[in-house]
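Below: the structure, in structure tokens.
The values are calculated or read from the model by the stated rules, or taken from the named source; none is laboratory data. Keep in mind the model is a prediction, meaning the values are calculated, not measured. Here the Cβ is made from the backbone with ideal geometry for all residues, glycine too, and neighbour counts use every protein chain on show.
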Amino acid sequence: MRRRGSSRKAAAGALLTLLFGLWVADGCVDLAPNTVPCPPLEDFKAVSPLLEKKCGTLDCHGNDARPLRLYSQYGLRFLGGEENTEQYSGNLAVPTTPEEIERNYFAMCGLEPEKTSFVTAGEEQVETLTIVRKPRLTEKHKGGRIWNEGKVDDRCLTVWIEGDYEPGEMDTQDCVDAVSN
């Protein structure tokens with residue numbers, strides 16, 4: 001038979017353990033910010049329209065059930081703001097917003113962050129990334145082949161990922177050509 005005092009002590013001990021755990025976890029978050037480098041956002045603004053057009057439709061990555069989620073006028077939309085996080089589907093009349101492009105950027109950077117940082121640092125080849133292999137169909141892709149290696153679409157993406165230029169100075173002509181096709 002348990003004593004009343006022992007159950008109170010156990011509950012108090014559990015509460016203290018929980019509070020200590022939360023305090024430690026809070027400290028860990030502050031000590032370990034996200035430091036994984038990603039190719040420049042300002043240059044991604046030229047790449048996003050390609051991904052939106054080729055990959056961002058509702059039946060592909062413009063769908064909130066996909067691991068790589070892309071927002072655009074062709075598929076999933078983001079209404080924005082902390083008070084309004086509702087998502088809705090396609091509105092062709094409204095161009096992709098800067099906030100949606102930023103969300104696409106973070107989706108790309110978050111897909112394989114460590115590998116992406118190795119590629120941008122020149123320590124690994126761009127072909128190691130899923131985002132490069134799948135559209136080339138060198139890895140199984142439900143959407144099939146999206147583009148061929150070395151073509152304008154492929155160069156638009158890979159030049160951005162490799163980041164072999166000063167931020168803000170990427171040659172975006174391949175991206176422009178790829179979207180206009």
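State whether the residues of the stretch 38-54 include one that is modelled with pLDDT under 90 and either assigned by TED's automatic domain parsing to the domain that holds Asp164 or under 26 Å from Asp174 (Cα atoms) (or both).
Filtering the stretch 38-54 down to residues modelled with pLDDT under 90 leaves 38.
From the residues that got through so far, the ones that are either assigned by TED's automatic domain parsing to the domain that holds Asp164 or under 26 Å from Asp174 (Cα atoms) (or both) too are 38.
The answer is yes, given that some residue of the stretch 38-54 is modelled with pLDDT under 90 and either assigned by TED's automatic domain parsing to the domain that holds Asp164 or under 26 Å from Asp174 (Cα atoms) (or both).
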Qualifying residue in the stretch 85-101 (condition: surrounded by fewer than 15 Cβ atoms within 10 Å (Cβ to Cβ), at pLDDT 90 or above and in the same structural domain as Lys45 (by TED's automatic domain parsing)): yes
Test: Thr172 is modelled with pLDDT of 95 or more, closer than 17 Å to Leu50 by Cβ and surrounded by 12 or more Cβ atoms within 10 Å (Cβ to Cβ): yes
Hits in the stretch 140-157 - residues which are under 19 Å from His61 (Cα atoms) and surrounded by 14 or more Cβ atoms within 10 Å (Cβ to Cβ): His141, Gly143, Ile146, Trp147, Asp153, Asp154, Cys156, Leu157
Unmet criterion (only one of (1) surrounded by 19 or more Cβ atoms within 10 Å (Cβ to Cβ); (2) in a helix (DSSP H, G or I); (3) free of Cβ contacts under 8 Å to residues at least 60 places away in the same chain; (4) more than 14 Å from the chain's Cα centre (by Cα)) for Trp160: (3)
